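Student: The following block contains the structure, expressed as structure tokens.
The values are calculated or read from the model by the stated rules, or taken from the named source; none is laboratory data. Everything numeric in this text was worked out from a predicted model, so none of it was measured. Virtual Cβ from ideal backbone geometry, glycine too; neighbours counted across all protein chains shown. All accessible areas refer to the heavy atoms of the entire protein, side chains included, with ligands and DNA or RNA removed. Shrake-Rupley method; radii C 1.70, N 1.55, O 1.52, S 1.80 Å.
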Amino acid sequence: MSLTRTTCPYCGVGCGVLVDADGSITGDPDHPANFGRLCSKGAALGETIDLAGRLLHPKINGDQSDWDTALDLVAQKFSATIAEHGPDSVAFYASGQLLTEDYYVANKLMKGFIGAANIDTNSRLCMASSVAGHKRAFGTDTVPGTYADLEEADLIVLVGSNLAWCHPVLYQRIAAAKLARPDMRIVNIDPRRTATTDLADLHLQISPDGDVALFNGLLAHLASTDKLDATYTRNHVTGVAETVSAARASTPADSGLTPAELATFYALWAQTPRVVTVYSQGVNQSASGTDKVNAILNCHLATGRIGKPGMGPFSVTGQPNAMGGREVGGLANMLANHLELGNPDHRQAVQRFWGSPTICTTPGLKAVDLFQACADGKIKALWIMSTNPAVSLPDADGVAAAIAKVPFVVTSDIIEKTDTNNLADVLLPATGWGEKDGTVTNSERRISRQRAFLAAPSGARPDWQIISDVAARMGHASAFAYKNPSEIFAEYVALDGAASQFSRDLDLSVFADADYAQLIPTQWPRNDHRFFSDGAFYHPDGRARMVPVTAPVLTKPRFALNTGRNRDQWHTMTRSGKSARLGAHLAEPYVEIHPADATELGVRAGHLISVESIYGRTILRALITPRIAQGQLFAPMHWTRQRSTSGLINRITAPVTDPHSGQPALKAGCVSAKVFKPKWYGFAATKTEPVARAEYAAIARTQTGWQIELASGKIPTDWEATARAICGQAQGEVSIHTDPATGTIRVAITSNGEITALFFASSDPVIVSRSCVVELIGTQTPPLVALAGRAATDQPDAGVKICACFNVGRNTLLRAVTKGARSVAALGEVTCAGTNCGSCKPEIAALLAEVSLPLAAE
Ligand code: SF4
């Protein structure tokens, strides 16, 4: 294998990756997104590409099948369903993980050959509100900003965006720019203090959904302090007067901020022309998400701070190819190539180009509505591609029940056992990262190649090929006779040319003569193009729209539930969960709760909390921290039914959506919380995959096998049998140590003198060093020594992992601090922590702040 240039498959930053001949993975120094950097997830990609857990044969009703049988069945079922119930009775649910070529083919089949628009995607959960906001303001879905703007800005406003964890390389670029230009100011607007906040000069701890009130207040302030650019708005913007009037009707204090905080922020924004406002899920995942986006865009349009270097609004996408999906029309309310589904001329042009028998005329079902239609019996054949909606959508148990109700469900995926695949009639094995070939578009409109560097495992096929094979069997062979992804990309570019008479932002002419094999990362319409620099927008009159928006009336539930992401996991952990290094960062589902709320609920460190809504209940480990505001909770969205019995947070989120975008509101749910009091807590480390047999159980990979956290309201009658069953160790010698005084049970299982499992149970949260116990698995340590559950004197306990790249734990860092390493850089020198991908630097800085030591300048 020679050097391969490809792209990271995780977030929307879209970092370039080099895969060396020996399989080692590094950042691509020539890729303009990352210039050689990778975050912890990207750096661990090599640990996620083994074949463990892979789906390698088509399956029908749980039985292994062959491709012809499976494809025939899928085509026959979809054709028969359409013939009997019409095109709107079938649906595709796709993913921002698909490559542009996969997306293009799926969209073409649904919209041009089936004749419905029921193709939506998990990108609906990511940035649909930004798309709707862009279209209202600009007349098209344009992201005008580039990453370079972030480095050139004098003020960066991060709204609802934990870049340090969710877009780490972008965060690193901003951190480096601020280091080079200390006068750069960063404002972080977020209801909770995150790792990103530590870089900010000003943290505005806004109320959940207080954004419209805040930005309306900003617009009103700009108007009353004569900071609007009257020349710009006169020439290029409509709706100014009514939007300013609506803004003046808002009450900025409804944002939850003090008058002093508001005044500081408004003055900073007003006096700093080069301002970039970055926003992501904290803005988009809201019942008022589109209005939030327009409240931000209004401020930039009113001041003409758009289309110039170092200024403008900037929506960053979560998914690696959310942008590519948008481009090829992979949403139920879009056509293809940024053409309008509601425009008959556009529809006719696409149909003519495709030579298709039909074309959809009305928007299809958006994600949440699509699964409601499944529950209502309206969808009778469903194909889910490369995603896990039974985990990621709100009311996840309701969604699982809805999928189970659909008469015929197909999934195409790389992993066999997922919560969604368990509900499917037919499983089709797809190729994964490292095996597939195609293109992706990152948050700054840069199209890069994902290239294969591994042979596809026997049995797996690329998504574009699977979809084309089904299309051919449905009678559309000639329109889907692609031999490789480059032919699809060429057709996508050609469609753009065929639609060139329509006014659109999308312009792929730079790719018309490109050599697909050698394609270098390139922005559309061309590198260094600056959208809106001429003040021309895409509404029919060529002007932008300021959109009057009204702040929502905020309710105050006992607890507002915010959901989000961890630094080292990706979505439902089907891939990142394979890496022991990544799993060590935060190994179980948790809920952040303010100390005062914890005290009120009687929750102490290590306790579990039951968080409930009308949709269900989760049990999560309490993480007591002042980083979260009183009356709010935060929980990560990664844990599935596969990895935990009660940690799936979307069990309790509500299927409430933004009325314009259809994006679910996942950041401010209404929940209650109480302490969960089990009869016993447990922890086990084991060589083989454990079995989750307890009311609370959370499984994670480790360097030596697996670990499991446990709690239950029922005390077992036989601890040995319980330990064996949970640890999956029917064989082996057992040593049990019981301490009646503390009620602690310790079980060691050995085989030929080697520790294969260690199990601990107690009436209180189990106090053993997880990292030490994990490291004892596979060693010849005497059982009685191992059952101490702590480090030997010559092997100090590293503690909870902070640096995934170099496996550096919290205790190791604290020891280095006491020996004099008192800055992030100094800790890096002595422990290596933070010196590879740098993703853990914010946590190292937080650790230093926690121990009240002055941070030396880096
Ligand atoms: Fe991948 Fe990290 Fe880059 Fe995102 S920031 S693309 S996860 S390496």
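Student: Rounded to the nearest 0.05, what FRET efficiency do residue 818 and residue 201 have when you use their Cβ-Cβ distance and R0 = 22 Å?
Tutor: The pair residue 818/residue 201 has a calculated efficiency of 0.15.
Student: Note down the nm distance, to one decimal, between modelled labels 7 Å out along Cα→Cβ at residue 21 and at residue 478.
Tutor: In this crude label model, residue 21 to residue 478 measures out at 4.8 nm.
Student: For the chain, what does -39500 (n - 2.57) per DSSP helix run (n ≥ 4), summed and divided by total residues, give at 222 nm, in deg cm²/dmol to the nearest 500?
Tutor: Result for the chain, helices only: -8000 deg cm²/dmol.
Student: Of all trypsin sites (Lys or Arg not before Pro) in region 229-289, which ones are in loop regions per DSSP and have a Cβ with at most 15 other Cβ atoms within 10 Å?
Tutor: Hits after loop and neighbour filter: nothing returned.
Student: Going toward the positive end of the dipole of the chain, with +1 on Lys and Arg Cβ and -1 on Asp and Glu Cβ, which of 537, 780, 379 do you reach last?
Tutor: The listed residue farthest towards the positive side: 780.
Student: Beta carbons within 10 angstrom, averaged per residue: use that to sort the peptides 532-539, 237-244, 159-166, 189-196, highest first.
Tutor: 159-166, 189-196, 237-244, 532-539
Student: Another question about this same structure. Evaluate E = 1/(1 + (r/R0)^6) for residue 764 and residue 832, where r is the Cβ-Cβ distance and R0 equals 35 Å; express this FRET efficiency to the nearest 0.05.
Tutor: E between residue 764 and residue 832, to the nearest 0.05, is 0.50.
Student: Right, another one. List the residues whose amide H sits under 5 Å from the amide H of residue 279, counting only those 5 or more places along or on another chain, with H placed 1.01 Å from N in the peptide plane.
Tutor: HN-HN under 5 Å from residue 279: 159, 314, 315, 316.
Student: Another question, if that's okay. Hey, got the dipole for region 30-132? About the Cα centre, +1 on K and R Cβ, -1 on D and E Cβ, debye to the nearest 20?
Tutor: The dipole magnitude comes to about 380 debye.
Student: Between region 117-142 and region 761-786, what is the separation of their alpha carbon centroids in Å?
Tutor: Using only Cα atoms, the two centres lie 50 Å from each other.
Student: While we're on this one: Using the basic label-point model (7 angstrom from Cα toward the beta carbon), what is the residue 851 to residue 503 distance in nanometres?
Tutor: With each label placed 7 Å out from Cα toward Cβ, I get 6.2 nm.
Student: Oh, and also: Counting only protein heavy atoms and using a 1.4 Å probe, what share of the accessible area of the chain belongs to carbon plus sulfur, as a whole percent?
Tutor: 52
Student: Sticking with this one: Give me the net charge of residue 88's neighbourhood, meaning all other residues with Cβ under 15 Å from the Cβ of residue 88; Lys, Arg count +1, Asp, Glu -1.
Tutor: Around residue 88, the surrounding residues sum to 0.
Student: Around residue 752, with a cut-off of 14 angstrom between Cβ atoms, what is the net charge of the other residues, counting Lys and Arg +1 and Asp and Glu -1?
Tutor: Counting the neighbours of residue 752, the net charge comes to -1.
Student: For the charge dipole of the chain, defined by +1 on Lys and Arg C-beta atoms and -1 on Asp and Glu C-beta atoms about the Cα centroid, which residue among 252, 649, 422 has the Cα displaced farthest towards the positive pole?
Tutor: 252
Student: Under the classification rounded if a/c is under 1.5, otherwise prolate if a/b is larger than b/c and oblate if not, where does the chain fall, given a ≥ b ≥ c as square roots of the Cα gyration tensor eigenvalues?
Tutor: The shape class here is oblate.
Student: In addition: Need one number: nm distance between label points at residue 731 and residue 376, each 7 Å from Cα along Cα→Cβ, rounded to one decimal.
Tutor: 5.6
Student: Leaving out same-chain residues fewer than 8 places away, which aspartates and glutamates sit with a Cα under 20 Å from that of residue 227?
Tutor: Straight-distance partners of residue 227: 154, 242, 261.
Student: On to the next question. How large is ³J(HN,Hα) for each residue in region 63-72, as worked out from phi by the Karplus curve 6.51 cos²θ - 1.76 cosθ + 1.60 (θ = phi - 60°), to whole Hz, x for Gly and Pro?
Tutor: Per-residue couplings from phi come out as 9, 4, 10, 10, 4, 4, 4, 5, 5, 4 Hz.
Student: Amide H of residue 564 versus every other amide H placed in the peptide plane: which residues, excluding those fewer than 5 positions away on the same chain, fall under 5 Å?
Tutor: 635, 637
Student: I would also like to ask the following. How far, in nm, would the chain grow between residue 558 and residue 517 when pulled straight, counting 0.36 nm per residue and subtracting the alpha carbon separation?
Tutor: 9.2 nm
Student: Set the Förster distance to 30 Å, then compute FRET efficiency between residue 675 and residue 720 from the Cβ-Cβ distance, nearest 0.05.
Tutor: Using R0 = 30 Å, I get an efficiency of 0.50.
Student: I've got another one for you. Which trypsin sites (Lys or Arg not before Pro) in region 526-587 pass both tests, a DSSP loop state and at most 14 other beta-carbon atoms within 10 Å?
Tutor: Those that pass, being in a loop and sparsely packed, are 526, 558.
Student: Then there is this: About the Cα centre of region 533-585, how large is the charge dipole given +1 on each Lys and Arg Cβ and -1 on each Asp and Glu Cβ? Please answer in debye to the nearest 20.
Tutor: Dipole size: approximately 420 debye.
Student: Continuing with the same structure: Set Lys and Arg Cβ to +1 and Asp and Glu Cβ to -1, take the dipole of region 81-189 about its Cα centre, and tell me which of 114, 92, 153 lies farthest positive.
Tutor: 153
Student: Note down the magnitude of the dipole of the chain about its Cα centre, charges +1 on Lys and Arg C-beta and -1 on Asp and Glu C-beta and zero elsewhere, to the nearest 20 debye.
Tutor: 1120
Student: Need one number: % antiparallel among DSSP beta bridges in the chain, to the nearest 5.
Tutor: So the antiparallel bridges in the chain amount to around 60 percent.
Student: What whole-number value in Å² describes the accessible area per residue of the chain for a 1.4 Å probe?
Tutor: Roughly 35 Å² per residue, with all protein chains present.
Student: Spelling out what I want: for every residue of region 699-709, take phi, set θ = phi - 60°, compute 6.51 cos²θ - 1.76 cosθ + 1.60 (Karplus), and round to whole Hz; glycine and proline get x.
Tutor: Here the 3J(HN,Hα) series is 9, 9, 6, 10, 5, 10, x, 9, 9, 9, 9 Hz.
Student: Summing Lys, Arg as +1 and Asp, Glu as -1, what charge do residues with Cβ under 12 Å from the Cβ of residue 652 carry, residue 652 excluded?
Tutor: -1
Student: As a quick test, which of the pairs 366/677; 178/436; 135/578; 556/677; 366/667; 378/436 have an alpha carbon distance above 30 angstrom in this structure?
Tutor: Checking Cα-Cα distances, 366/677; 178/436; 135/578; 378/436 exceed 30 Å.
Student: Test of understanding: what is the full-extension gain from residue 754 to residue 825, defined as 0.36 nm times their sequence separation minus their Cα-Cα distance?
Tutor: 21.6 nm
Student: Here's a follow-up. Taking a virtual spin label 7 Å from the Cα of residue 267 along the C-beta vector, which residues in region 218-249 bring their backbone nitrogen under 19 Å of it?
Tutor: Output list for this probe position: 218-228.
Student: Further question: What are the ³J(HN,Hα) values, in whole Hz, obtained from phi via the Karplus relation 6.51 cos²θ - 1.76 cosθ + 1.60 with θ = phi - 60°, for each residue of region 134-147 in sequence order, with x given for Gly and Pro?
Tutor: Coupling constants for region 134-147: 4, 5, 5, 7, 9, x, 6, 8, 9, 9, x, x, 10, 5 Hz.
Student: Sticking with this one: If each residue of separation counts as 0.36 nm, what is the full-extension length gain between residue 605 and residue 226 once their alpha-carbon separation is subtracted?
Tutor: In short, 131.3 nm is gained.
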